[in-house]
Each structure stands twice: as structure tokens, then as C-alpha cells.
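Shown next, in C-alpha cells, is the structure this report addresses.
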Amino acid sequence: MVVANKWVGGYELDLVVRRGRRLVVCEVKTKAGQEYGHPFEMVTEEKARRIRRAAEAWLAGRPDLAGLEVALEAVAVRGRRIDRAPFD
């Protein structure tokens, strides 16, 4: 299962991916070049809070997904390189 760009409660979930019993909610960030900083810098505490609330609201409407292991991750895209980092 893959869900992309889902709006919930005024917030957007960039990517939700399920593999087996694990569900990952990803915030995807990219920057044009290194001179603009690292994409992870854009995932502030406030942004993480909003993503968490949107994920909770989306999951509340999906009882079929109850009991899955849920993880929140930020994904940084820089050219061909992709980095992942969990956040909570």
C-alpha cells in the first residue's frame, strides 16, 4: 500500500507506505543545492507535530490498519542521494 499527498485536517501527508505489519509516514524534503542547507533542517518541531497529528487523524479513519507498527520518518532528497531519518 502506498498513499501519496493525502490531506487530513488541513495538513498534508507526503507519503504513507505499508510493508507487512509496518506503516511508515514520510515527510519528503528536497533542496536545490548544498548552499541552501540540508533538507532535514526544514522538518522543525512544529512540522513534526503537524505530521504526527495528520497521521493520527488519518489512522483514526482507517480501523483496518489498527495494530500496525507506525513509524514517522523524514526523507531528504539531494540529487540522486536519499537519506532517511526517524522522528517522533
Selection within the stretch 25-51 - surrounded by 12 or more Cβ atoms within 10 Å (Cβ to Cβ), in contact (Cβ under 8 Å) with a residue 24 or more places away in the chain and out of contact with any Pro (no Cβ under 9 Å at 6 or more places or on another chain): Val25, Cys26, Glu27, His38, Pro39, Phe40, Val43, Ala48, Arg50, Ile51
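Could you list all residues from the stretch 44-68 that are in a loop (DSSP other than H, G, I, E, B), more than 14 Å from Met1 (Cβ to Cβ) and hydrophobic (A, V, I, L, M, F, W, C)? Step through it out loud before you land on a result.
Step one: of the stretch 44-68, the residues in a loop (DSSP other than H, G, I, E, B) are 44, 61-62, 66-68.
Next cut, more than 14 Å from Met1 (Cβ to Cβ) only: 44, 61, 66-67.
Hit for the stretch 44-68 is Ala66, nothing else.
Among the residues of the stretch 8-15, is any of a type in the set (A, V, I, L, M), within 10 Å of the chain's Cα centre (by Cα) and surrounded by 12 or more Cβ atoms within 10 Å (Cβ to Cβ)? Lay out the reasoning, then the answer.
Taking the stretch 8-15 as the starting set, the residues that turn out to be of a type in the set (A, V, I, L, M) are 8, 13, 15.
From what's left, within 10 Å of the chain's Cα centre (by Cα): 13, 15.
From what is left, the residues that are surrounded by 12 or more Cβ atoms within 10 Å (Cβ to Cβ) are 13, 15.
Checked against the condition, which is being of a type in the set (A, V, I, L, M), within 10 Å of the chain's Cα centre (by Cα) and surrounded by 12 or more Cβ atoms within 10 Å (Cβ to Cβ), the stretch 8-15 yields at least one hit.
Read the figures in this text as sums done on the coordinates, not as results from a lab. Being a predicted model, the structure only gives us computed values, none of them experimental. Don't worry about glycine lacking a Cβ; one is built from the backbone with ideal geometry, like all the others, and counts go over all protein chains shown.
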